[in-house]
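The values are calculated or read from the model by the stated rules, or taken from the named source; none is laboratory data. Nothing here was measured: the structure is a model prediction, and the numbers come from that model. A quick note on method: Cβ atoms are made from the backbone with ideal geometry, for glycine too, and the neighbour counts reach across all protein chains shown.
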Amino acid sequence: MSVLLETKAVVKQFGEFRAVDRVDFRVQEGEVLALIGSNGAGKTTLVNLISGLLTADEGHILFRGHDVTKQPVKERIRAGIARSFQLVNLFDQLSALDNVALAIFSRQGKTRRLLSLADADRPVWQEATDVLALFRLDAHARTLAGGLSQGERKLLDVAIAYALKPKLLFLDEPTSGVGTREKAPIMDTIVSVVRSEGISAAIIEHDMDVVFSYSDRIVAMHQGTILADGTPDQIRRDEKVLTTLIGTPEPPRPSQGGG
Amino acid sequence: MSTVTTVVIPARSPIRRLWYAAPVLAVLLVLPWVAEQYQTILLAYGLVMAIAAIGFNLLLGYTGLLSFGHSAYFGVGAYAVALMVKYLGVVSMELHLLGAIAASVLVTAIFGIACVRYTRIFFSILTMALSQVLWSLAFKFFWVTGGTDGLRVPTPTLLGVVTGKGDKTAFLVHQYYYYVLGVFLVCVAIMWVIVNSPFGRALQAIRDNETRAQFVGIPIWRYRWVAFMLSGVFTGVAGALWVPLNGLTTPDILHWTFSGKIVFMAVLGGFRTFVGPIVGAVVYNYLESYAVGYTVYWQLFLGVILVVLVLSLPTGIVGTAERLMARRRGPR
């Protein structure tokens, strides 16, 4: 496995508060990684710096060996970085199908065309239909995004990012605000798509069950720095993680707990 | 991808809508032969304002930007024509239109750079302030613009052959009416393609969610700027077409209250639909003309009518009509 993304001592300061403090963070090609930490630990800020919503004050961000630290969002997307949002960001007055199609038009550089009809571009609609099917949203293709349920909106948000054909996908709390029963199906859908396409994914998540069951590697953040980095088993036993994040220095429950 | 699915093509059927347009077009074509001259001229004014309104609505309805300064581009179109006549002696209507387009591209390109970085009330105020700058220029530089007296413009030559010499009313009611109708249809067709193009979809995406649009790779400022220019050019074309009807350009058309009229037309007709602003412009134009003829307190009278209409038809005339039709079709 080779390194896909690497941050070198990135810093982001908001006034007196250092949200991200000299973080070295790596994503390997093809892995599914979880980013954990309490609120305010700097997870979302780190993702914002990498995806281009914010610009780093110091340090460097390398994607496939190229420095993207100061690049505009558009260039980072073209390079292969895409993301979803914690508070879902959709085009509410467009249909689910239009939402995905727009990402495809944009990826193909076709949004510049103003004298051709969007509906006439059959390959784009074919691809958009396929993407919706992958995310089990095909039944809602013509529903306005604003009228979908929370779980469907979460999936559509990821589907839009996926339609950009990224190499690295950031998912900011893909199951927040969703009922407990809906979480597993959503994560199953997302992770199976990501793994079958060989996309690297970094998932910010608070639900530890989700974190431990879907990720290859876990990075724990605390107060703007990386606290621990390892496989789910290593993190489960990590003293620092247990004391700062989970709060009780108990040994982890055995996986087959007797009843 | 291994999944096999049938392609879903969005359920928009533009062709069927053209059937609704056919009878309207028939009425527009025969009107000068059956209606009074005054009615035809009134409709010509309505069609001109409709071009301005669809231009305006590219920003409000499709890009989510409320411009309170479209009088500027209407006025730029109109004054471009008047100044071409005054200083260059140009009488060809086609050259007038080209001049108006060039002038409005120039002005919107500059104003746009300043405006498209802002949204909501900040955008509205900025567009309004810039339009007021042009108004005060037209007002103060009277040796160029004629000040409040305005500039007289004789009837132009259409397509190099048709001249308005002789009976001016007959010219306006027939030749010029059809000329306006022709330009109107071309403008509607072009705008319809623009809003249904991938670019038009991108604008709607920007309207719905700026951050997300940015994160599918759309350069939002640049696209807003292009939309701003297109919007202003349509309105500038309307300004140029308006000049021969009125025979005179005055600073009134640059004043922000004129922008307010354009906003009102779009809202009255329904800015969430494509045809809404067209219907709104024609209806507003009739309302205003009759209100002026009916009472000296026409502004008050018109204001009351407009408040009632907006309160009772919050989605505009076309939005309400569509809802009623959908409800009638619903139970089946």
Residues in segment B:222-234: is at least one in contact (Cβ under 8 Å) with a residue 40 or more places away in the chain, away from chain A (no Cβ under 14 Å) and touching a Phe, Trp or Tyr at 6+ places or on another chain (Cβ under 9 Å)? yes
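Just a yes or no: is a residue in segment B:168-180 within 17 Å of residue A:93 (Cβ to Cβ) and not basic (Lys, Arg)? First the steps, then the outcome.
Start the filter on segment B:168-180 by keeping residues that are within 17 Å of residue A:93 (Cβ to Cβ), which leaves none.
No.
Residues checked against (1) more than 14 Å from chain A (Cβ to nearest Cβ); (2) at pLDDT 90 or above:
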{"residue": "B:27", "(1), (2)": "yes, no"}
{"residue": "B:42", "(1), (2)": "yes, yes"}
{"residue": "B:61", "(1), (2)": "no, yes"}
{"residue": "B:81", "(1), (2)": "yes, yes"}
One residue is enough: does segment A:8-19 have a residue meeting the conditions surrounded by 22 or more Cβ atoms within 10 Å (Cβ to Cβ), under 18 Å from residue A:199 (Cβ atoms), more than 10 Å from every other protein chain (Cβ to nearest Cβ) and modelled with pLDDT of 90 or more? no
Of the residues that sit in segment A:53-97 and are in a strand (DSSP E or B) and without any contact (Cβ under 8 Å) to a residue 40 or more places away in the chain, which one is farthest from the other protein chains (Cβ to nearest Cβ)? A:67
If the Cβ limit is 8 Å and pairs must be 6+ apart or interchain, which residue in segment B:133-156 that is farther than 19 Å from residue B:247 by Cβ pairs with which residue that is surrounded by 13 or more Cβ atoms within 10 Å (Cβ to Cβ) and of a type in the set (Val, Ile, Thr)? B:134/B:76; B:134/B:107; B:137/B:145; B:139/B:145
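State all residues of segment A:61-79 that are within 29 Å of residue A:149 (Cα to Cα) and surrounded by fewer than 22 Cβ atoms within 10 Å (Cβ to Cβ); if no residue qualifies, say none. It would help to see each step written out before you state the result.
Pass one, segment A:61-79, residues within 29 Å of residue A:149 (Cα to Cα): A:73, A:77.
The one that is within 29 Å of residue A:149 (Cα to Cα) and surrounded by fewer than 22 Cβ atoms within 10 Å (Cβ to Cβ): A:73.
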Residue count for segment B:221-257, restricted to those that are farther than 30 Å from residue A:74 by Cα, among the small types (Gly, Ala, Ser) and more than 13 Å from the chain's Cα centre (by Cα): 1
Can you say whether residue A:100 is at the interface with another protein chain (Cβ under 7 Å from one of its Cβ atoms), closer than 30 Å to residue A:43 by Cβ and touching a helix residue (DSSP H, G or I) at 6+ places or on another chain (Cβ under 7 Å), as far as the supplied structure shows? no
Can you name every residue in segment A:157-182 that is more than 11 Å from chain B (Cβ to nearest Cβ), in a helix (DSSP H, G or I), in contact (Cβ under 8 Å) with a residue 24 or more places away in the chain and out of contact with any strand residue (DSSP E or B) (no Cβ under 8 Å at 6 or more places or on another chain)? A:159, A:182
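Would you tally the residues in segment B:292-312 being among the β-branched types (Val, Ile, Thr), modelled with pLDDT under 85 and surrounded by 10 or more Cβ atoms within 10 Å (Cβ to Cβ)?
Of segment B:292-312, the ones among the β-branched types (Val, Ile, Thr) are B:292, B:295-296, B:304-305, B:307-308, B:310.
From the residues that got through so far, the ones that are modelled with pLDDT under 85 too are B:292, B:295-296, B:305, B:310.
From what's left, surrounded by 10 or more Cβ atoms within 10 Å (Cβ to Cβ): B:292, B:295, B:305, B:310.
Residues in segment B:292-312 being among the β-branched types (Val, Ile, Thr), modelled with pLDDT under 85 and surrounded by 10 or more Cβ atoms within 10 Å (Cβ to Cβ): 4 in total.
Considering only residues of segment B:165-198 that are of a type in the set (Phe, Trp, Tyr) and within 28 Å of residue B:63 (Cβ to Cβ), which is surrounded by the fewest Cβ atoms within 10 Å (Cβ to Cβ)?
B:192
With the requirement that a residue be in a helix (DSSP H, G or I) and touching a helix residue (DSSP H, G or I) at 6+ places or on another chain (Cβ under 9 Å), what does segment A:110-122 give you? Outline the logic, then answer.
Here is the first cut: in segment A:110-122, the residues in a helix (DSSP H, G or I) are A:110-112, A:118-120, A:122.
Residues satisfying the conditions are A:110, A:111, A:112, A:118, A:119.
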Kindly check whether there is at least one residue in segment B:176-193 that is at pLDDT below 90, part of a helix (DSSP H, G or I) and out of contact with any strand residue (DSSP E or B) (no Cβ under 8 Å at 6 or more places or on another chain). no
Are there any pairs with C-beta distances below 6 angstrom linking a residue in segment A:18-47 that is closer than 29 Å to residue A:165 by Cβ to a residue that is assigned to a helix (DSSP H, G or I) and β-branched (Val, Ile, Thr), with the two at least 6 apart or on different chains, and if so which? A:20/A:45; A:34/A:211; A:36/A:211
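Residues are listed down the side, and each one gets a yes or a no for (1) more than 22 Å from residue B:28 (Cβ to Cβ); (2) within 14 Å of chain A (Cβ to nearest Cβ):
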{"site": "B:161", "(1), (2)": "yes, no"}
{"site": "B:167", "(1), (2)": "yes, no"}
{"site": "B:172", "(1), (2)": "no, no"}
{"site": "B:175", "(1), (2)": "no, no"}
{"site": "B:179", "(1), (2)": "no, no"}
{"site": "B:182", "(1), (2)": "no, no"}
{"site": "B:186", "(1), (2)": "no, yes"}
{"site": "B:190", "(1), (2)": "no, yes"}
{"site": "B:196", "(1), (2)": "yes, yes"}
Suppose we keep only residues that are more than 7 Å from chain B (Cβ to nearest Cβ), over 18 Å from residue A:154 (Cβ atoms) and of a type outside the set (A, V, I, L, M) within segment A:123-138. Which one would you say is farthest from the chain's Cα centre (by Cα)? A:123
Which members of segment A:166-196 meet the condition of being surrounded by fewer than 17 Cβ atoms within 10 Å (Cβ to Cβ), charged (D, E, K, R) and within 15 Å of the chain's Cα centre (by Cα)? A:188, A:195
What pairs come up if the first residue lies in segment A:139-150 and is more than 10 Å from every other protein chain (Cβ to nearest Cβ), the second is among the β-branched types (Val, Ile, Thr) and crowded, with 16+ Cβ neighbours inside 10 Å, and their beta carbons are under 7 Å apart, counting only those six or more places apart or on different chains? A:150/A:178
Any residue in segment A:249-259 that is modelled with pLDDT of 85 or more and farther than 20 Å from residue A:39 by Cα? no
Determine whether residue B:232 is at pLDDT 90 or above and on the phi > 0 side of the Ramachandran plot. no
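Going by the conditions given, is residue B:201 crowded, with 19+ Cβ neighbours inside 10 Å, within 14 Å of chain A (Cβ to nearest Cβ) and not aliphatic (A, V, I, L, M)? Let's see the steps before the verdict.
Numbers: crowded, with 19+ Cβ neighbours inside 10 Å: yes; within 14 Å of chain A (Cβ to nearest Cβ): yes; not aliphatic (A, V, I, L, M): yes.
Yes, satisfied.
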